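The values are calculated or read from the model by the stated rules, or taken from the named source; none is laboratory data. Just so it is clear, the structure is predicted and the values come from calculations on it, not from any experiment. Because the Cβ atoms are built from the backbone with ideal geometry, glycine has one as well, and the counts that use them run over all protein chains shown.
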Amino acid sequence: MPASLRELRQRRKSVQTTKKITRAMELIAASRIVKAQQAAAAAAPYSRELFRAVSAVATFSDVDHPLTNDVESPQRSAVLLITSDRGLAGAYSSSVIKAGEQLTARLHHEQGQEVLPYLAGRKAIGYYGFRKRQVAQQWDGFSDSPTYTQAREIADALIEAFLTPTEEGGVDEIHIVFTRFVSMMTQTPTVVRLLPLEVVEGTEPPAPGELLPEYEFEPDPETVLDRLLPLYVANRVHFALLQSAASELASRQRAMKSATDNAQTLIETLTRQENQARQAEITQEISEIVGGASALADSAPQA
Amino acid sequence: MAEPYQVEVVAADRRVWEGRAVNVIVRTTEGDIGILPGHEPLLAALVPCAAEIVTAEGGREVIALDGGFVSVTPERVSLLAQYASLATEVKPDQAQRELDKLQVLMDSGDATDEEQHRYHLAVAQLAVLRRQGNEPH
């Protein structure tokens, strides 16, 4: 026996309300992605100039700075997870957390390092809180529209931890897990090592015959580098936050789109069942009337 | 007179100004420097200051920088700072209030890094306004 007409109608109404909500969330996410992408594009010139400056110093002076020094056998690592503050974004936060867990396992088991988690976004904080794990530091409240100020705050905390000697609880390596925004359809969780910096790696070799400008440094290369590198670290964090924000919104939009589609299918199925139940009720009523009438007709002549 | 060169002023989250110029005056850790066309390649650390740009058309742009760097190559000059604002974006009363508020923190010696940056930016913004000749009342 299928559910009653009234029950079916109630269920359809409730799915319709859900659909309205998911549809609204989809539209909001879609409009915010544009803003997030614009923010990422606006930050690009700064990244480019900063990178050029760092490469210039790295090329013309011996890079020997605390922030670039590789430790031979790292004892302790920090892992910064960048997740969202709110859910309903499909697998966005959980894939970052999963990538973070894998990285932690690798650092812990293969290299025997102690891992200190730094968390950004309520989802990661909730995940660690529920498991009652120790957290080094956490930030939340800006996952879908991060500003440079927040990036700077995170970067300062990480740099401080990095510059603290290992014996006093400092870390030897810092990794970031964030989500790279490839396209509207593809966002991939990415792990990068933030510190120690690998500055030289990205430097483009000059084309043969081309002369690199012979820079004059003021006051001197060391001081310039000393002031550039923290900015570079903050810029990397800012970049990761912006990419993650765009990815979060894209994931949410996609998740909400499929939720809306599912709700639509459900509504159609329920409407059909409802029609069927109504028709069955009518048919039953007619056959009852016909049955009653014929029973009366059958009994009439005998009277 | 030599050819004007390309100038770009970028803050951490946006491009503040871009155009062609014939002279850029900024204050480095060593003192004021004016960059004319054909300047030798230079990479210098800046102190919070009001950068002055004389555009190719002869106009004048004043921009508040909270520190940062100036990078000069044969093709272009770029000023990069974490925070920067155009003279037209600066509101005199607001900058003064901000400065007064942060001054107290700076004097007491427990200003955070962020507050120090805001303080430097406010100082630079007021310097911009003085250059423009309309001091806050």
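Return the residue satisfying two criteria in turn: it lies in the range A:108-147 and is assigned to a helix (DSSP H, G or I) and modelled with pLDDT under 90, and of such residues it is nearest to the other protein chains (Cβ to nearest Cβ). Even if it seems obvious, please write down each step before you answer.
Looking only at the range A:108-147, we keep the residues that are assigned to a helix (DSSP H, G or I), and these are A:108-110, A:122-130.
Then drop every residue that is not modelled with pLDDT under 90, which leaves A:108-110.
On the way: A:108: 32, A:109: 36, A:110: 36 Å.
Applying the filter and picking the extreme gives A:108.
Quickly run through the range B:1-40 and pick out the residues that are assigned to a strand (DSSP E or B), among the small types (Gly, Ala, Ser) and either facing another protein chain (nearest Cβ under 9 Å) or surrounded by fewer than 20 Cβ atoms within 10 Å (Cβ to Cβ) (or both).
As a first pass, look at the range B:1-40 and keep what is assigned to a strand (DSSP E or B): B:5-11, B:14-28, B:31-35.
Add one more test, that the residue is among the small types (Gly, Ala, Ser), and what stays is B:11, B:19, B:21, B:31, B:34.
B:11, B:19, B:31, B:34, listed by residue number.
Confirm whether residue A:57 is aliphatic (A, V, I, L, M) and part of a loop (DSSP other than H, G, I, E, B).
Values: aliphatic (A, V, I, L, M): yes; part of a loop (DSSP other than H, G, I, E, B): no.
When the stated conditions are applied, residue A:57 does not pass them.
Could we say that residue A:5 is hydrophobic (A, V, I, L, M, F, W, C), modelled with pLDDT of 85 or more, buried (at least 16 other Cβ atoms within 10 Å of the Cβ) and in contact with a Lys or Arg (Cβ under 9 Å, 6 or more places away or on another chain) here? Steps first, answer last, please.
Numbers: hydrophobic (A, V, I, L, M, F, W, C): yes; modelled with pLDDT of 85 or more: yes; buried (at least 16 other Cβ atoms within 10 Å of the Cβ): yes; in contact with a Lys or Arg (Cβ under 9 Å, 6 or more places away or on another chain): yes.
Against the criterion (hydrophobic (A, V, I, L, M, F, W, C), modelled with pLDDT of 85 or more, buried (at least 16 other Cβ atoms within 10 Å of the Cβ) and in contact with a Lys or Arg (Cβ under 9 Å, 6 or more places away or on another chain)), residue A:5 qualifies.
Tell me which of these residue B:46 doesn't satisfy, since it passes every other one: (1) at the interface with chain A (Cβ under 8 Å from one of its Cβ atoms); (2) surrounded by 20 or more Cβ atoms within 10 Å (Cβ to Cβ).
(1)
Given the options A:195, A:212, A:229, name the one that is at pLDDT below 85, touching a helix residue (DSSP H, G or I) at 6+ places or on another chain (Cβ under 7 Å) and within 14 Å of residue A:66 (Cα to Cα).
On the way: A:212 fails: within 14 Å of residue A:66 (Cα to Cα); A:229 fails: at pLDDT below 85.
It is A:195.
So that you can scan it fast, the table gives a plain yes or no per residue for (1) under 20 Å from residue A:244 (Cβ atoms); (2) among the charged types (D, E, K, R); (3) within 14 Å of chain B (Cβ to nearest Cβ):
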{"residue": "A:13", "(1), (2), (3)": "no, yes, no"}
{"residue": "A:31", "(1), (2), (3)": "yes, no, no"}
{"residue": "A:52", "(1), (2), (3)": "no, yes, yes"}
{"residue": "A:66", "(1), (2), (3)": "no, no, no"}
{"residue": "A:71", "(1), (2), (3)": "no, no, no"}
{"residue": "A:80", "(1), (2), (3)": "yes, no, no"}
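Condition check ((1) touching an Asp or Glu at 6+ places or on another chain (Cβ under 9 Å); (2) modelled with pLDDT under 90) across all residues:
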site	(1), (2)
B:7	yes, no
B:14	no, yes
B:18	yes, no
B:40	yes, yes
B:51	yes, yes
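Where the second residue is among the charged types (D, E, K, R) and surrounded by 18 or more Cβ atoms within 10 Å (Cβ to Cβ) and the first is over 22 Å from residue B:3 (Cβ atoms) and touching a residue at least 24 places away in the same chain (Cβ under 8 Å) and lies in the range B:53-67, which pairs have Cβ atoms under 7 Å and are six or more apart or on separate chains?
From the range B:53-67, the pairs are B:62/B:52.
Is one or more of the residues making up the range A:247-259 away from chain B (no Cβ under 14 Å), in a helix (DSSP H, G or I) and farther than 21 Å from residue A:34 by Cα?
We begin by selecting, within the range A:247-259, every residue away from chain B (no Cβ under 14 Å); these are A:247-259.
This time we only want the ones that are in a helix (DSSP H, G or I), so: A:247-259.
In the following step, the residues that additionally are farther than 21 Å from residue A:34 by Cα were identified as A:259.
There is at least one residue in the range A:247-259 that is away from chain B (no Cβ under 14 Å), in a helix (DSSP H, G or I) and farther than 21 Å from residue A:34 by Cα.
When you look at residue A:272, is it part of a helix (DSSP H, G or I), within 12 Å of another protein chain (Cβ to nearest Cβ) and more than 30 Å from residue A:87 (Cβ to Cβ), yes or no? Spell out how you get there, then give the answer.
Details: part of a helix (DSSP H, G or I): yes; within 12 Å of another protein chain (Cβ to nearest Cβ): no; more than 30 Å from residue A:87 (Cβ to Cβ): yes.
No.
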